[in-house]
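Participant: Please find one structure pasted underneath; my questions will follow.
The values are calculated or read from the model by the stated rules, or taken from the named source; none is laboratory data. Everything quoted here is computed from the prediction, not taken from an experiment. As a convention, Cβ positions derive from the backbone with ideal geometry for all residues, glycine included, and neighbour counts pool all protein chains shown.
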Amino acid sequence: MNAARLIRLRRPPVLHVQPEPFVPNVQTPVLEQAEQRWRTLCARNPAYFDGRIWHVLGVHRNGHGGASIHVMECAYRWHAVQKGWRDLGVRSLGVKGLLVHQGRVLMGRRAVGVSAYEGMWEFAPSGVVDGGMQPRQAILEELREEVGLVASADPVAVAILYDKVLDCWEIAYRLRAAVTDDIRFEPREYDSVRWVDPAALTGERAGEQPGELTPMARQMTALLDQKGDHAV
């Protein structure tokens, strides 16, 4: 799959759920190795939790600016153990927010101990969609849990992207929220947050950049105009 793939949306994507849960089609010794790797990951980061996530079977346009996402439930551990080991075929579903306030967009620096991109900046909030949950509900929960804010308008899906490092399909949402002066961010996810001028990220206007961006964040700058508004 191509990490540069970006599907712009004019309508919300639709999930098509397969009834059976996903289990990797590998031999027993490989499953045992996977279980051992999972125990090692949990010892390194106690925040890991083997909940249910969506495994993405495929993504395609469905006409009129929308997309269909075919999914089935999967244990999170099968996704987590793949990094740096072997591909078990799991492709998770995630959400990312473009939270705009007074022409600036919120970014967070990924904390030590996260699964990838430690110390790099991304648009906040973001997270994996739990199995059984709709992506729209997931981004609203991430907004509340990761940065302590409540949406003031319905989230708008603007694009789908693929992250080949995290083996994850991501739905990007435009967000509006009642912003306070003090952002209460989740320290296990971010060690710093900052409001950033979108034009400074692309070099269209002079301004301070927060630091090195994740590959997904670099792609997502194309979804913002110079005022930080939705540009799709």
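Okay, residues lined up against (1) within 29 Å of Tyr173 (Cβ to Cβ); (2) touching a strand residue (DSSP E or B) at 6+ places or on another chain (Cβ under 8 Å); (3) modelled with pLDDT of 95 or more; (4) not aliphatic (A, V, I, L, M):
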site	(1), (2), (3), (4)
Gln18	yes, yes, yes, yes
Thr28	no, no, no, yes
Glu35	no, no, yes, yes
Arg39	no, no, yes, yes
Ala43	no, no, no, no
Trp54	yes, yes, yes, yes
Gly63	yes, no, no, yes
His70	yes, yes, yes, yes
Ala75	yes, yes, yes, no
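Participant: Taking interchain pairs and intrachain pairs at least six residues apart, which have beta carbon atoms under 9 angstrom, with the first residue in the stretch 15-31 and free of Cβ contacts under 8 Å to residues at least 12 places away in the same chain and the second in a loop (DSSP other than H, G, I, E, B) and of a type in the set (A, V, I, L, M, F, W, C)?
Facilitator: Leu31/Val23
Participant: Determine if the stretch 51-74 includes at least one residue that is surrounded by 18 or more Cβ atoms within 10 Å (Cβ to Cβ) and more than 18 Å from the chain's Cα centre (by Cα).
Facilitator: no
Participant: Does at least one position in the stretch 16-28 carry a residue that is within 25 Å of Glu189 (Cα to Cα), under 20 Å from the mean Cα position of the chain (by Cα) and of a type outside the set (D, E, K, R)?
Facilitator: No, the stretch 16-28 contains no residue that is within 25 Å of Glu189 (Cα to Cα), under 20 Å from the mean Cα position of the chain (by Cα) and of a type outside the set (D, E, K, R).
Participant: OK, next. Against the conditions (1) under 25 Å from Thr40 (Cα atoms); (2) of a type in the set (Asp, Glu); (3) touching a residue at least 40 places away in the same chain (Cβ under 8 Å); (4) touching a strand residue (DSSP E or B) at 6+ places or on another chain (Cβ under 7 Å), where does Asp87 fall short? Just the number, please.
Facilitator: (4)
Participant: Which residues, taken from the stretch 84-106, are more than 9 Å from the chain's Cα centre (by Cα), more than 15 Å from Glu186 (Cα to Cα), assigned to a strand (DSSP E or B) and not charged (D, E, K, R)?
Facilitator: Ser92, Leu98, Leu99, Val100, His101, Val105
Participant: Between a residue in the stretch 149-176 that is without any contact (Cβ under 8 Å) to a residue 40 or more places away in the chain and more than 18 Å from Val193 (Cβ to Cβ) and any residue that is in a strand (DSSP E or B) and among the small types (Gly, Ala, Ser), which pairs come within a Cβ distance under 8 Å, given they are 6 or more apart or on different chains?
Facilitator: Ser152/Ala177
Participant: Also: Only one of these is in contact with a helix residue (DSSP H, G or I) (Cβ under 7 Å, 6 or more places away or on another chain) and either surrounded by 16 or more Cβ atoms within 10 Å (Cβ to Cβ) or part of a helix (DSSP H, G or I) (or both): Arg37, Arg109, Arg144, Arg77. Name it.
Facilitator: Arg77 is the lone residue from the list that is in contact with a helix residue (DSSP H, G or I) (Cβ under 7 Å, 6 or more places away or on another chain) and either surrounded by 16 or more Cβ atoms within 10 Å (Cβ to Cβ) or part of a helix (DSSP H, G or I) (or both).
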